[in-house]
Amino acid sequence: MNINSLVAQNYAAGKTITAPSANEGGNALLSAAGDFMSTMRASETTAMQAMTAGADPHSLVQALAQTELAVQTAVTVRDKVVEAYQEILRMPV
């Protein structure tokens, strides 16, 4: 038995096991972006109803709080991505 062929077989077997699936990361990011946009749309609709039709002030405050939380979360994720990118740039080649 050739050692090179054995190593190549083990490498190929390990490569398929550890390979990420196509739907693994992309769907989570798309889902998070969709949730963010739906929260923004819902709060905008509630705010417009409160200004024009006199909707419940409690629902307006709740929608604004949800929007604030969603924006803070998006900013935090953005900051982490920028921080990771800067860390990669600092790595020696």
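In this structure, Leu89 does not qualify as under 17 Å from Ala33 (Cα atoms), among the hydrophobic types (A, V, I, L, M, F, W, C) and open to solvent by 90 Å² or more (accessible area, probe 1.4 Å). Taking first residues from region 45-65 that are surrounded by 12 or more Cβ atoms within 10 Å (Cβ to Cβ) and partners that are part of a loop (DSSP other than H, G, I, E, B), the Cβ contacts under 8 Å between residues at least 6 apart in sequence or on separate chains come to Thr46/Ala55; Gln49/Ala55; Ala50/Asp56.
The values are calculated or read from the model by the stated rules, or taken from the named source; none is laboratory data. Just so it is clear, the structure is predicted and the values come from calculations on it, not from any experiment. So basically every Cβ, Gly included, is an ideal-geometry build from the backbone, and we count neighbours across all protein chains shown. Note: accessible area is taken over every heavy atom of the protein model, side chains too, but ligands, DNA and RNA are not part of it. Shrake-Rupley method; radii C 1.70, N 1.55, O 1.52, S 1.80 Å.
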